[in-house]
Amino acid sequence: MTSAELLFRLAALNTHYANAIDADRLEDWPGFFEEVCLYKITTAENEKRGYAAGVVYADSRAMLSDRIAALRQANIYERHSYRHIIGTPSVRSEEEGVIAAETPFLIVRIMRDGKMDLFATGVYRDRVSQAADGELRVAERIVVCDSPRFDTLVAIPV
Amino acid sequence: MSNSAENAPRHEAWEPGLTRVPFWVYQDDAVRRAEQEKIFQGPVWNYLCLEHELANTGDYRTSFVGDMPVISVRAEDGSIRAFENRCAHRGALIAFEDGGNVSEFHCVYHAWRYDLAGNLKSVAFRRGVNGKGGMAESFCLEEHGPRKLRTATIGGLVFGTLSNETPELEEYLGPAICAKIRRVLHKKPEILGRFTQPMPNNWKLYAENVKDTYHASLLHLFFTTFRITRFSQAGGITISDDGAHHASATYAQLETRDTIYKDEAIRSDNDAFRLADPSMLDPVDEFGDGIQLQILTVFPTLVLQQTHNSLAIRNFVPRGTDAMDLHWTYLGFADDTPELRKRRLKQANLVGPAGFVSMEDGCIGGFVQRGAMAAADELSVVEMGGAEARTTDTRATETAVRGFWQIYRRLMGL
């Protein structure tokens, strides 16, 4: 891949990812990840200090599916949606087919009653590679939120 | 309780007892102001930080005692000191980071300096410049300084109190609660992460929620369906003599099945809900006593949580009548095996702002705050399991919630 192609494909991956979440096609979300993966939501402060925990910590695609199943069938929370605005990816490295990239995001949360809040900003710190079917899939996505505050709840994936 | 009319003149009198709570107590700004003096600055031990965070001389953390900003610091003599984070001069914050390491504190506004015990040590240009200006000769450094807190620790938790009337920490907690703190915090902890969860409700609604063992298996499907805590499992609630503190316990269940939730058609029991990757619910009995859930509160604002192998400190800070911040500190131990550490990280999916259990507690206080918005003089009912607050071997009760109101009403004079 040329660097222009790579940038385009990363941007496309993020666009599809955000569209799936924002359009409430949450069942599609685990499909962006490899079967064995790491998805973690944490904060810049925790990353800086080397604290390993996340508010979400999943090390398999099945755990991501479980999170969606729980949101649909198990958990009680007030209806809301997100609007992701995703910035341009920057490729940090590309070694043996594994691309390390960092992409800034901004999420507005829209509550059931119409209240809109700036819910989160941060970067996706990713390791991505091309799967057998030719698609890029996420092996690791560390969602590093700029603020340590998570208002009331993080139900929908970030 | 005779002077409740004086303390809350605009409301219906609050009849004595623990089974009814008027909604004005969550709404009234006069109540909020009275709580600062009578609860947080009163005869209670407020959680400040972990001793582990103050390992070296000059290590400090900032936190809150009610509205009051506080600095906790390791002094030169090895003791832990705590004092109000307010310069004696004009009232500015002395420290405005979450923590750090310093040899002394100085206020950025006019460079007044404090030692690690919070004593005012110098005033910039105290004698003026070229014989002009300066402080009066009579100004005495010793007579000025931020208010100091007495500190004490148990299990590596640092507490502070502003009142001379507060009994020693272990007496305040009582032997049963002390034992249950030490059960969890029995060796050197390590911080795994910190998160803050703002909630749209009065702090007392969260204080009640964590003491409310009645709701746990009714609201939280994960607790019920995955048999983390069901009423049919062995367990109980320990309450300190004054009602202030509690610890609930649930024991791991043997392979027996019950139908009590099915019989009442309770939503939270749903055998059809299964996890594709159940590794998140694969605990080990690390404390060797079969207790898989222990939720412990220290009045007024601390929770110590053991949910399987997920350990956390939760400290709540009031932010006005209808908002609070919940500060989560996820813990492990320094000698965790990699396998145990991984369990803690995965089981933490149950708790915190995105927790399969705790996300629901994040919302529920706001539902009460909004639901009761126009009901200041109406009463909520806290009558499951009787009218008293005492240690019991069932969790189908609101006894620990009544314990909260027992100490609260006594301290507030309401």
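Residues in the stretch B:391-411 that are of a type in the set (S, T, N, Q) and under 10 Å from residue B:237 (Cβ atoms): B:391, B:392, B:394, B:397, B:399. Of the candidates B:159, B:195, the single residue that is at pLDDT 95 or above, crowded, with 18+ Cβ neighbours inside 10 Å and not assigned by TED's automatic domain parsing to the domain that holds residue B:347 is B:159.
Scanning the stretch B:41-79 for residues that are β-branched (Val, Ile, Thr) and either surrounded by fewer than 20 Cβ atoms within 10 Å (Cβ to Cβ) or within 16 Å of the chain's Cα centre (by Cα) (or both) turns up B:44, B:57, B:62, B:65, B:70. In the stretch B:341-355, of all residues being at the interface with another protein chain (Cβ under 7 Å from one of its Cβ atoms) and under 21 Å from the mean Cα position of the chain (by Cα), the one that is nearest to residue A:75 (Cα to Cα) corresponds to B:354. Across the stretch A:118-158, the qualifying residues are those that are in a strand (DSSP E or B), over 26 Å from residue B:348 (Cα atoms) and not aliphatic (A, V, I, L, M), and the one among them that is farthest from the chain's Cα centre (by Cα) is A:130. Among what's in the stretch A:13-40 and is under 17 Å from residue A:104 (Cβ atoms) and surrounded by fewer than 19 Cβ atoms within 10 Å (Cβ to Cβ), pick the residue that is nearest to the chain's Cα centre (by Cα). The residue in question is A:18. Considering (1) closer than 29 Å to residue B:187 by Cβ; (2) in contact with a Lys or Arg (Cβ under 6 Å, 6 or more places away or on another chain); (3) touching a residue at least 40 places away in the same chain (Cβ under 8 Å), the lone condition that residue B:240 does not fulfil carries the number (2).
Taking the stretch A:118-135 as the range and being surrounded by 21 or more Cβ atoms within 10 Å (Cβ to Cβ) and either aliphatic (A, V, I, L, M) or touching a helix residue (DSSP H, G or I) at 6+ places or on another chain (Cβ under 6 Å) (or both) as the test, the residues that pass are A:120, A:128. Please verify whether residue B:307 is under 16 Å from residue B:203 (Cβ atoms), hydroxyl-bearing (Ser, Thr, Tyr) and not assigned by TED's automatic domain parsing to the domain that holds residue B:64, treating the condition exactly as stated. Judged against the criteria, residue B:307 is not a match. Among the residues of the stretch B:356-381, just one is surrounded by fewer than 17 Cβ atoms within 10 Å (Cβ to Cβ) and at the interface with another protein chain (Cβ under 9 Å from one of its Cβ atoms), namely B:367. When the stretch B:283-335 is limited to residues that are in a strand (DSSP E or B) and charged (D, E, K, R), the one that is farthest from the chain's Cα centre (by Cα) turns out to be B:325.
The strands (runs of 3 or more DSSP E) located wholly in the stretch B:1-113 that include 2 or more residues which are of a type in the set (S, T, N, Q) and within 26 Å of residue B:328 (Cβ to Cβ) occupy B:59-65. Note on the stretch B:189-226: residues that are part of a loop (DSSP other than H, G, I, E, B) and either within 14 Å of another protein chain (Cβ to nearest Cβ) or under 20 Å from residue A:71 (Cβ atoms) (or both) total 4. When residues of the stretch B:244-256 are filtered for being assigned to a loop (DSSP other than H, G, I, E, B) and out of contact with any Lys or Arg (no Cβ under 7 Å at 6 or more places or on another chain), how many remain? Qualifying residue count for the region: 6. Residue-level analysis places residue A:81 among those that are among the small types (Gly, Ala, Ser) and in contact (Cβ under 8 Å) with a residue 40 or more places away in the chain.
Residue-wise test of (1) of a type in the set (D, E, K, R); (2) assigned to a helix (DSSP H, G or I); (3) farther than 30 Å from residue B:344 by Cβ.
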site	(1), (2), (3)
A:1	no, no, yes
A:4	no, yes, yes
A:7	no, yes, yes
A:14	no, yes, yes
A:35	yes, no, no
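With a requirement of 3 or more residues that are under 21 Å from residue A:4 (Cα atoms) and away from every other protein chain (no Cβ under 12 Å), the strands (runs of 3 or more DSSP E) lying completely within the stretch A:41-112 that satisfy it span A:90-95, A:98-111. Residue B:260: at pLDDT 95 or above and either within 14 Å of chain A (Cβ to nearest Cβ) or surrounded by 13 or more Cβ atoms within 10 Å (Cβ to Cβ) (or both), yes or no? Taking the combined requirement at face value, the residue does not satisfy it.
For the stretch B:211-230, state whether one or more residues are within 24 Å of residue B:382 (Cβ to Cβ), touching a strand residue (DSSP E or B) at 6+ places or on another chain (Cβ under 9 Å), basic (Lys, Arg) and crowded, with 23+ Cβ neighbours inside 10 Å. The answer is yes, given that some residue of the stretch B:211-230 is within 24 Å of residue B:382 (Cβ to Cβ), touching a strand residue (DSSP E or B) at 6+ places or on another chain (Cβ under 9 Å), basic (Lys, Arg) and crowded, with 23+ Cβ neighbours inside 10 Å.
When residue B:279 is tested against (1) buried (at least 19 other Cβ atoms within 10 Å of the Cβ); (2) over 28 Å from the mean Cα position of the chain (by Cα); (3) of a type in the set (Ser, Thr, Tyr), only condition (1) is not met.
Considering only residues of the stretch A:53-112 that are under 16 Å from the mean Cα position of the chain (by Cα) and acidic (Asp, Glu), which is surrounded by the fewest Cβ atoms within 10 Å (Cβ to Cβ)? Among residues in the stretch A:53-112 that are under 16 Å from the mean Cα position of the chain (by Cα) and acidic (Asp, Glu), the one surrounded by the fewest Cβ atoms within 10 Å (Cβ to Cβ) is A:102. The residue list B:169, B:116 contains one member that is of a type outside the set (Asp, Glu), farther than 30 Å from residue B:248 by Cα and either buried (at least 18 other Cβ atoms within 10 Å of the Cβ) or touching a residue at least 12 places away in the same chain (Cβ under 8 Å) (or both), which is B:116. Is at least one residue of the stretch B:132-140 touching a strand residue (DSSP E or B) at 6+ places or on another chain (Cβ under 6 Å) and modelled with pLDDT of 95 or more? Within the stretch B:132-140 (the criterion being touching a strand residue (DSSP E or B) at 6+ places or on another chain (Cβ under 6 Å) and modelled with pLDDT of 95 or more), the answer is no, since none of the residues qualifies.
Scanning the stretch A:141-155 for residues that are surrounded by fewer than 18 Cβ atoms within 10 Å (Cβ to Cβ), more than 8 Å from chain B (Cβ to nearest Cβ) and charged (D, E, K, R) returns a single hit, A:146. In the stretch B:345-357, is there at least one residue being touching a Lys or Arg at 6+ places or on another chain (Cβ under 9 Å) and of a type in the set (D, E, K, R)? No, the stretch B:345-357 contains no residue that is touching a Lys or Arg at 6+ places or on another chain (Cβ under 9 Å) and of a type in the set (D, E, K, R).
The values are calculated or read from the model by the stated rules, or taken from the named source; none is laboratory data. Everything quoted here is computed from the prediction, not taken from an experiment. Note: ideal-geometry Cβ built from the backbone for every residue, glycine included; neighbour counts use all protein chains shown.
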